[in-house]
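Scroll down for the structure; my scribbles are underneath it.
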């Protein structure tokens, strides 16, 4: 049997987790909840659009260009705490957001999912959220997501503007 001697390192994740802890302590709670309560700062927070029960935002620490997050209004990290209607809304937003990213960045595919619990990689384990990570043909392995090397060819503000323009043209932003 082959012995596995390789380590997968992602040291930049610690910066991300620490920044969330700092932001959470500054807002006296969860940054998703703080963003939901302050729609006037959607542009500053890179929130693209929202519904009554959830919103779509650009990830500040993306794995790839156009990496989005879908977060429900309800503060819970347990999917069992959500009503069917909330799950349906999150699912609809997930596929709408994937359409926006596909249109804006010509993504060929996606990794879509959530990390439940800090040990599973959740930076905010107490607030359910889904990741939409665009992928392109030729990006054939998962090391870009798990490894220490990432190439993000666009700044967050430029990516936000491009995504917001497409989301508006597609009718998701009201």
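Every residue, every condition in (1) within 21 Å of residue 169 (Cα to Cα); (2) modelled with pLDDT of 85 or more, yes or no:
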position: 20; (1), (2): no, no
position: 39; (1), (2): yes, yes
position: 42; (1), (2): yes, yes
position: 63; (1), (2): no, no
position: 69; (1), (2): yes, yes
position: 76; (1), (2): no, yes
*Scope segment 115-137; condition out of contact with any helix residue (DSSP H, G or I) (no Cβ under 8 Å at 6 or more places or on another chain), part of a loop (DSSP other than H, G, I, E, B) and on the phi < 0 side of the Ramachandran plot; matching residues*: 115, 122, 126, 136, 137
*residue 112: touching a strand residue (DSSP E or B) at 6+ places or on another chain (Cβ under 6 Å), more than 15 Å from residue 55 (Cα to Cα) and part of a strand (DSSP E or B), yes or no?*
yes
*Sort out which residues of segment 75-90 are more than 15 Å from residue 116 (Cβ to Cβ) and touching a strand residue (DSSP E or B) at 6+ places or on another chain (Cβ under 9 Å), and write them in order of number.*
86, 89
*If you check 159, 167, which single one turns out to be closer than 19 Å to residue 54 by Cβ, part of a helix (DSSP H, G or I) and modelled with pLDDT under 90?*
167
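The values are calculated or read from the model by the stated rules, or taken from the named source; none is laboratory data. All values derive from a computational prediction rather than experimental measurement. Because the Cβ atoms are built from the backbone with ideal geometry, glycine has one as well, and the counts that use them run over all protein chains shown.
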